[in-house]
Amino acid sequence: MNYEEALNFIHEAEGLGSKLGLKTIKKLMDELGNPQKHLKCIHIAGTNGKGSTVSYISNILREADYKVGVFTSPYLERFNERIQINGVDISDETFAKITKNVKAKTEKIVREGYPHPTVFELITAISFMYFKEENVDFAVLEVGLGGRLDSTNVIDSSLLSIITTIDYDHMDVLGDSLYKIAREKSGIIKEKGKVLFYPQKEEAAKALIETARKKNADFSICPIENIDIKDLNEYGAIFDFKYENTIFKDMKINLLGLHQAYNASLAISAIVMLRNNGLVGIDNETIKRGLEKTVWKGRLEVLQRKPTFLIDGAHNSQGIRALVDSLKLFKYNRLILGISILKDKDIIHMVENIVPLADEIIITEIDSPRKMEAEDLAKEIKKVNKNIIVEKDIKDAIDKSFSIANENDLIVFAGSIYLIGDVRKILLNN
């Protein structure tokens, strides 16, 4: 099996959609020898902030000379991005070799009457096989959807379960209240495990704490009130943070936005919890260097200046609100917004939060069956702002944004992770 054949096998499962449940992934992992049982996992769930928290933690671990496997989703530009060791994507050859084995086991369990694994289940299995083969020191896992029934939750134990901010998202699957959504995400908490929560709204916090107590887990809430922001601008932030009796001075991050300082404090808290339990040997200076070296593609990422071209993976209401807050860090004359949204998202609130700020809006479309048609999105946007241009082709939308922008303007593309992945690829490959 070569790389293209491996990708084709994965993509053939796309029609199966996203089915939550652990029965199939457990059977598949059994057939593969349960590589996940040999891994030391740090498991991260939440609505927003998962990706940057994964990146902060993995970079700190790498800075301490640990070998770190990272499993994230979705990818921005290339499929292999989802599975990395020490910041390097899985190679095409290794991906094909492991996928060949996974394909053979998939065909076996299907013959035995099990459902065909979904795309996410297949990739989860491949990542566990890869991390086991490469004997990583730690595997940092980002939950795909929810937590309790997400395929990454096939792991029996974790060194630490982390839950980032929780907001309304995937309500058709996870529930129609913050309590229900949080209860699903709290499913990654293990019996007598260690848990770190980002401070939540009361409804979500109640669900998380209930689950932690039910499972006799040792839980801690990140004390974000202990952050002292010293500088916050369009290039990053510098802050002090106190965790228990330790003060971390002049912590510098290059990810943009106040929320990224909070995510960094969550990562610091996680590393200190691991350290206090004798699970890592990392000093404070190493934590500081790891944070400063952290980058996270597609999250408030500036791709060029004059005009400033910014992309952000905000794809739900909470993410859009964080983007809107972060725009205050930039100095610009006009805001030109490029936007595309999936039709199953909270479109009305996303539009209401950001569209009124834009001087010009360019509506485009991503290549996905879940996309909202540009004409339909235009109807929603017109209710708030009539300065719209429809350019269905993403490259045409980018070209249009440059054609109407002056060097002191700010161009922002947001609304879907799939959109910014395409924008990034087009712009950087020009």
inquiry  = If you average the C-alpha positions of region 247-279 and of region 33-49 separately, how far apart do those two centres end up, in angstrom?
reply    = 19
message = Once each part is reduced to its C-alpha centroid, what is the distance from region 87-165 to region 352-368 in angstrom?
response = 35
message = I need the shape label for the chain. Rule: rounded when a/c is under 1.5, else prolate if a/b > b/c, else oblate, with a, b, c from the alpha carbon gyration tensor.
response = oblate
query = Which residue, chosen from Phe71, Phe248, Leu196, occupies the Cα position most advanced towards the positive end of the dipole of the chain, where the dipole is computed from +1 (Lys, Arg) and -1 (Asp, Glu) charges on Cβ about the Cα centre?
reply = Leu196
key: For region 152-163, Karplus couplings with θ = phi - 60° (6.51, -1.76, 1.60), whole Hz, Gly/Pro x   = 5, 7, 5, 5, 7, 8, 9, 5, 7, 9, 10, 10
task = Determine, for each peptide in 31-38, 222-229, the mean count of other beta carbons within 10 angstrom over its residues, then list the peptides with the highest first.
result = 31-38, 222-229
inquiry  = What is the sum of charges, Lys and Arg at +1 and Asp and Glu at -1, for the other residues whose Cβ falls under 11 Å from the Cβ of Ala397?
reply    = -3
Point-charge dipole on Cβ atoms (K/R +1, D/E -1) for the chain, about Cα centre, debye to 20 = 940
task = Using a 10 Å cut-off on Cβ atoms, rank the peptides 1-9, 151-159, 124-132 from the highest mean neighbour count down.
result = 124-132, 151-159, 1-9
task = For region 357-367, take each phi angle, set θ = phi - 60°, evaluate the Karplus expression 6.51 cos²θ - 1.76 cosθ + 1.60, and give the result in whole Hz per residue in order, putting x for glycine and proline.
result = 7, 8, 7, 9, 10, 10, 9, 10, 9, 8, 8
task = Considering only DSSP beta bridges where both residues belong to the chain, give the percentage that are antiparallel (nearest 5).
result = 40
key: At R0 = 35 Å, FRET efficiency that the Cβ-Cβ distance of Ser157 and Ala104 yields, to 0.05   = 0.80
task = Within region 407-424, which residues have the backbone N less than 19 Å from the label spot 7 Å out from Val302 along Cα→beta-carbon, could you tell me?
result = 407-414, 424
request  = Work out the FRET efficiency for Lys26 and Asn333 from their Cβ-Cβ distance, taking R0 = 60 Å, and round it to the nearest 0.05.
outcome  = 0.60
Accessible surface of Glu112 - all protein chains present, 1.4 Å probe, nearest 10 Å² = 90
query = Could you give the nm distance between label points at Ile348 and Lys383, where each point is 7 Å from its Cα heading toward the beta carbon?
reply = 0.6
message = Once you keep just the Cα pairs under 8 angstrom separated by 6 or more residues, what percentage relative contact order results for the chain?
response = 15
query = So what is the accessible area of the chain per residue, in Å², with the probe set to 1.4 Å?
reply = 42
query = Stretched out fully, how many nm does the piece from Asn408 to Leu357 gain, at 0.36 nm a residue minus the Cα gap?
reply = 16.7 nm
request  = Could you tell me whether region 36-89 comes out rounded, prolate or oblate from its Cα gyration tensor? Rule is a ≥ b ≥ c as square roots of the eigenvalues, rounded for a/c under 1.5, then prolate if a/b exceeds b/c, otherwise oblate.
outcome  = rounded
ask   = Projected onto the charge dipole of region 253-308 (+1 at Lys/Arg Cβ, -1 at Asp/Glu Cβ, origin at the Cα centre), which of Gly281, Leu291, Gln304 gives the Cα projection farthest towards the positive end?
value = Gln304
message = So if each residue of separation counts as 0.36 nm, and I subtract the Cα-Cα distance between Asp228 and Lys192, what length gain in nm does that give?
response = 9.7 nm
ask   = Among rounded, prolate and oblate, which fits region 334-428 when a ≥ b ≥ c are the square roots of the eigenvalues of its C-alpha gyration tensor, a/c under 1.5 means rounded, and a/b larger than b/c means prolate?
value = oblate
ask   = Given the Cα-Cα distance of Asp218 and Glu244 and 0.36 nm per residue of separation, how much length would full extension add, in nm?
value = 7.8 nm
key: Mean Cβ count within 10 Å, highest first, over the residues of peptides 252-259, 329-336   = 252-259, 329-336
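The values are calculated or read from the model by the stated rules, or taken from the named source; none is laboratory data. Keep in mind the model is a prediction, meaning the values are calculated, not measured. Because the Cβ atoms are built from the backbone with ideal geometry, glycine has one as well, and the counts that use them run over all protein chains shown. What goes into the accessible areas is simple: the full protein's heavy atoms, side chains included, and nothing from ligands, DNA or RNA. Shrake-Rupley method; radii C 1.70, N 1.55, O 1.52, S 1.80 Å.
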